[in-house]
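One structure is given here, and the rest of the page talks about it.
Quick note: the coordinates plus some simple rules give every number you see, no bench work behind them. Computed from a predicted model, the values in this text were never measured in an experiment. Don't worry about glycine lacking a Cβ; one is built from the backbone with ideal geometry, like all the others, and counts go over all protein chains shown.
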Amino acid sequence: MDMETLLSYEWSMMAPEFTILIIATVLSLVDLFADKKIDRKLFGWFGAAGIGIALFFLFSQIGHEPAMILANTYRLDAFSLSFKILLLIGALLVLLMGVSYEAKGELLYRGEFYYLLMSALLGAMMMASSADLITLFVGLELLSISSYILAGTRKKSTQSNEAAMKYVINGGISSAFTLFGLSYIYGLTGSTNLADISREISNIAPENGLVLLSVAFILTFVGLAFKISTVPFQMWAPDVYQGAPIPVTVFLSVVSKTAGFVIILRVLLSVFPFAQGLEANTSLLQSMMIFISVLAGITMIAGNTVALKQRNIKRLFAYSSIAHAGYLLVPFVAFSEMMFESMWFYLAAYLLMNIGAFAVIQVMSEHSHSEDISIFAGLFYRRPWMAVMMTIFLLSLAGIPGTAGFIGKLNIFIGALFSDPSRYILAAVMMGTTVISYFYYFGVMAQMFMRPSGSAVPIRMPVGVTIAMVFCAAGTITLGLFPGVVLDFFQTQFNFAEMFY
Amino acid sequence: MSAIPVNAYLLLALVLFCIGLFGALTKKNTVIVLISIELMLNAVNINLVAFSKYGINPGITGQIFSLFTITVAAAEAAVGLAILIALYRNRSTVQIDEMNTMKH
Amino acid sequence: MADLFTYQNSYLVVVIFLALGILLPIVALSLGRLLRPNKPTEQKRTTYESGIDPFQDARVQFNARYYIFALMFVIFDVETIFLYPWAVAYEELGVFALIEMLIFVVMLLIGLIYAWKKKVLRWI
């Protein structure tokens, strides 16, 4: 490879990634050499500005023809663009929350927090737009390893240490599973490039490769289930969410989860629809759907029922996020034409409502130094606006009409019923578990409106977290009342057929 | 010279992977668990290298992939051990079954 | 065919060395066992530690600081495996790979600077 090929690449395609990379590198160097007295919160604003620039580059790329650079390992298409927008907005809001995170003596390494967040974001973005198993894996591990350290940033806290340790062990096992599956895919096709794999894999005769391919599918999916915290790799979520600092919890439950869905869609959809299935004239993906649908059903039931008896608010939201991951698998199983649309929309809605809810949780738990559900007691009589916003988030998480969560669930539901074949059982499970989820979401609301407040100390609301809260509340309502605005934009700007080679 | 069939390598990798998984799920000492995870990742390396020699379309890619796996595994083990040291300083234990301060 | 035989012969040398390597200690130790007198007493059975009575466990705990050095070594050692394939194929890869490698080494350097500023490199 000589200088001409190097210059012929369209490097501007990678502008968002370069921005994040440069910001992370500069932050890490400045943090080392800057005076100890300089407030590290400035770094947070600097990072937020960097993400803003990256978002600007990303929006200017909308409508770009699908293209690949770096020997076909980096791919820019509608799929990667649309999901990178979600990742960047999520990370921006997390950063704003991190700037106002003040719990006493907890975030000893504030500088590290910001640039590890950036490197994790970079890993997630690489996952979204890579077209090669090796870069996918490196992106996945960049995200994972950064988030292991992030989960343990409260170095003096036993809970945080424990959370990080459990996260590393579970993460290590799951990445070994994924890799084992990927190694079979490589062995059967002789290539790590997704485009080549999708071409080669249809040539495999069913009598030779079917068993190995099915094993590869199951191993890959089970390993990736860790990132999205669904059964069978969901057990880490409650402990890690509880032990990690709240901004990190939000990052894991929103950005990391979105990245997990991105990699699942990218790998499974570029490899397995082209492989010969168990029955004649079906693809392996279709044959395996029953496996995913069982896992999705168990995830929804387990997440929602165990959440019922939680008193710790972070643990409660951990189980709620497991349940939401289950809902998000439903459109994947249904595999209708609306799949990308409904998954993207639900992820966007989930991003807004979950970050918003965690922003309120952060303010309240810093105020009362507790994470019990009773910290919300009488919130409506002390900070009415914050209580109203929390109500919006909870209603949206529960899927009540007028909010983004409702539209998202409706899309998924319609997709499941009108797909071919219809997934009635899964849709019914989704309905039933949604009703179960009302109990614990409304339990929090009952605390806010019906309990007397314990103390009269005014609640401090730092700037960053307030911005995040208001933005999320406005977004949840807008997406709920005028979903057409976003959906139309989505349909006109993003053509998901580009994803296939 | 190569009388060893590709199945032998795959079987070896599978057995190694299962030993690693068994160790990771049953052992109580965190260091042993981390070592077991390394076993699982090395099983992947055996697979990749075997496929890059005897696979359907043999090529160098598998070996490159295994280089990346080795590096990432080292980074993961380093982070895991560093977190273990932080935990040991606070709790004076490396036993997994004693890491239970967060039960409900 | 001749090539194959030379190939096999080179393995034969390895096998002979292997057999010699295994046999030598076995023969030497068992011959010694047969020849030496054997009169154990209580004093002789104690662990030998430079003439002083042994006073602690044979397993010695090291300072955790050494361990950080070991971690640093492992990371830098493993990252080097990317440099070898690049060095072997340097002629074909050309300037592009050189620039990529420079970026890679600079990233490693930042890690080293981090360790240095965090006082990991200081010998106790």
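Restriction of the trypsin sites (Lys or Arg not before Pro) in segment B:62-104 to DSSP coil positions whose beta-carbon has at most 11 other beta-carbons within 10 angstrom yields B:Lys103.
Here C:Ile26 and B:Asn57 are evaluated by their C-beta separation; at R0 = 45 Å the FRET efficiency comes out at 0.40. Relative to the longest principal axis of the Cα atoms of chain A, the long axis of helix A:78-99 lies at roughly 20 degrees. Taking amide H positions as modeled 1.01 Å from N, with prolines and chain starts lacking one, the residues under 5 Å from B:Asn57 and 5 or more places away or on another chain are A:Gly190. Among B:Phe68, B:Phe51, B:Phe17, the residue with the largest mean-square fluctuation in a Gaussian network model of chain B, with springs joining Cα atoms closer than 10 Å, is B:Phe68. What's the local net charge at A:Gly415, with K and R +1, D and E -1, over the other residues with C-beta under 12 Å away? Around A:Gly415, the charge tally is -1.
Net charge in the neighbourhood of A:Gly90 (other residues with Cβ under 15 Å of its Cβ; Lys, Arg +1, Asp, Glu -1) is +3. For chain A, the mean residue ellipticity at 222 nm estimated from helices alone is -24500 deg cm²/dmol, where every DSSP H run of n ≥ 4 contributes -39500 (n - 2.57) and the total is divided by all residues, rounded to the nearest 500.
So if a site counts as exposed when it's one of the trypsin sites (Lys or Arg not before Pro), its DSSP state isn't H, G, I, E or B, and it has at most 15 other Cβ atoms within 10 Å, what's the longest stretch of chain A without one? Here the longest run is A:157-308. 3J(HN,Hα) couplings calculated from phi for segment B:75-87 with the Karplus curve 6.51 cos²θ - 1.76 cosθ + 1.60 (θ = phi - 60°) are, in sequence order, 4, 5, 5, 4, 5, x, 5, 4, 5, 4, 5, 4, 5 Hz; Gly and Pro show x.
Normalised by the number of residues in segment A:9-499, the average gap of Cα pairs under 8 Å and 6 or more apart makes the relative contact order 15 percent. In a fully extended conformation the segment linking C:Ala19 and C:Leu108 would gain 27.6 nm over its present Cα-Cα distance, using 0.36 nm per residue. At full extension, A:Arg460 and A:Glu279 could sit 59.0 nm farther apart than now, given 0.36 nm per residue minus the alpha carbon distance.
Can you tell which of B:Gly20, A:Leu150, A:Phe137 lies farthest toward the positive end of the dipole of the protein assembly as shown, using +1 and -1 charges on the Cβ of basic and acidic side chains (Lys, Arg; Asp, Glu)? Among B:Gly20, A:Leu150, A:Phe137, the one farthest towards the positive end of the dipole of the protein assembly as shown is A:Leu150.
Just checking the listed ones, B:Asn29, B:Asn45, B:Asn90: in the Gaussian network model of chain B with Cα springs under 10 Å, the one fluctuating most is B:Asn90. With the biggest extent put first, the Cα atoms of the protein assembly as shown measure 95, 68, 52 Å across the principal axes. Count Lys and Arg as plus one, Asp and Glu as minus one, and take only other residues whose Cβ is under 12 Å from that of B:Val72; the net charge is then -4. Would you mind getting the Kirkwood hydrodynamic radius of segment A:410-472 from its Cα pairs, rounded to one decimal in Å? Computed over segment A:410-472, the radius equals 15.6 Å. Full extension of the chain between B:Val31 and B:Ser92 gives 20.6 nm of extra length, using 0.36 nm per residue less the Cα-Cα distance. In nm, to one decimal, how far is the modelled label at C:Phe76 from the one at A:Glu337, with both set 7 Å along Cα→Cβ? In this crude label model, C:Phe76 to A:Glu337 measures out at 6.0 nm.
Compute the FRET efficiency between A:Val30 and C:Val88 as 1/(1 + (r/R0)^6), taking r as their Cβ-Cβ distance and R0 = 45 Å, and round to the nearest 0.05. Rounded to the nearest 0.05, the efficiency is 0.75.
When both segment B:1-44 and segment A:134-206 are represented by their alpha-carbon centers, they are found 17 Å apart.
Counting only Cβ charges, +1 for Lys and Arg and -1 for Asp and Glu, the dipole size of segment A:9-499 around its Cα centre is about 1760 debye.
Reported to the nearest whole Å, the Cα centre-to-centre distance from segment B:46-104 to segment A:52-130 is 25. If you run the Gaussian network model on chain B, springs between alpha carbon atoms under 10 Å, then out of B:Ala78, B:Ala43, B:Ala13 the most flexible one is B:Ala78.
Note on A:Phe18 and A:Asp488: with the Förster distance fixed at 30 Å, the Cβ-Cβ geometry gives a FRET efficiency of about 0.45. Taking the longest Cα principal axis of chain A as reference, the axis of helix A:404-417 is set at about 30 degrees. Loop-located GluC sites (Glu not before Pro) in segment A:274-361 (DSSP state other than H, G, I, E, B) with a sparse environment of at most 16 neighbouring Cβ atoms within 10 Å: A:Glu279, A:Glu337.
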